[in-house]
């Protein structure tokens, strides 16, 4: 699905860019197709539905983000000349693939571009939670800090601890690579085993879910709306209670002294 806008200059009328994007991306479009053929949205917020439908009317191509729902109605509003929807995102749940296929519209996305950034943010959350960085900053900014104390915002050590990772896809592996710098023991659970070479490279070991969830630091790099994530947050299943059905058993990971980090691109 990944790809680029593939048009000859003379073969299109308009490219609609539905959100404000980095200037480097705008320059690529301008250099390839000319400024006169590109309609740019200058807003940092998502357009209202009616405004979006008006904005994309008459487009040959749409560069969208996850905040724009591009369904059959939107594609019809764009018109019969619409040839491609390029989604500036890893996912494409905002686009109706069935509607695009029925109209002969190509849909592309940008897989992999957020893997490292998402792993960076996962580690921002791990370190921030472990070392109570957010609390300390709020205290300082509020003018409440009146000097150092040996127990003040003491936090917990990350170095040498055990990290549990639910889902060892691209993001999970990127998180694991960073954990090696902290000399952590890495346990992961995934429906698929990593190959032996990758496991050795990451110093990671696959285990069943219960041992993973008992780790002090737990990373869950899955989409927000999965059933697994809901169970992690709502703690519907008691600790140490197992269920063999994949996707149903999630142990209770958020006990005292544990840190749960969920990241999604």
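Each value in this text was obtained by applying a stated rule to the coordinates, not by laboratory testing. All of these numbers come straight from a predicted model, not from anything done at the bench. Cβ placement follows ideal geometry from the backbone for every residue including glycine, while neighbour counts extend to all protein chains displayed.
Counting other C-beta atoms within 10 Å, which of 145, 123 has the fewest, and how do the rest follow? All intermediate terms of the calculation are to be shown ahead of the outcome.
Details: 145 14, 123 20.
The fewest-first ordering by Cβ neighbours comes to 145, 123.
Can you compute the modelled spin-label distance between residue 148 and residue 180, with each label point 7 Å from Cα toward Cβ, in nm?
Label at residue 148, label at residue 180, 3.4 nm between them.
Considering all projection directions equally, how large on average is the shadow of the alpha-carbon convex hull of region 9-108, in square nanometres? Please report the intermediate quantities before stating the final value.
Working: hull surface 23.4 nm².
That works out to 5.9 nm², a quarter of the Cα hull's surface.
Hey, with R₀ at 22 Å, roughly what FRET efficiency would residue 51 and residue 113 work out to, going by the Cβ-Cβ distance, to 0.05? Intermediate results must be reported in sequence, preceding the final value.
Details: r = 27 Å, r/R0 = 1.24.
The calculated FRET efficiency here is 0.20.
Which FRET efficiency, nearest 0.05, do residue 136 and residue 102 yield, Cβ-Cβ r, R0 51 Å? Intermediate values should be presented prior to the final figure.
Details: r = 55 Å, r/R0 = 1.08.
Efficiency computed from Cβ-Cβ geometry: 0.40.
How long is the gain from residue 30 to residue 120 if the chain were fully straight, where each residue apart is worth 0.36 nm and the alpha carbon distance is subtracted? Display every interim value, and only then the final one.
Values: separation 90, 0.36 × 90 = 32.40 nm, distance 3.14 nm.
29.3 nm is the gain from fully extending residue 30 to residue 120.
Using mean Cβ contacts within 10 Å as the protection proxy, how do 85-91, 190-196 order, highest first? All intermediate terms of the calculation are to be shown ahead of the outcome.
Details: 85-91: 20.4, 190-196: 11.0.
Per-residue mean Cβ counts within 10 Å order the peptides as 85-91, 190-196.
Taking 7 Å along the Cα-to-C-beta vector as the label spot, tell me the residue 67-residue 200 distance in nanometres, rounded to one decimal.
For the pair residue 67/residue 200, the computed spacing is 4.8 nm.
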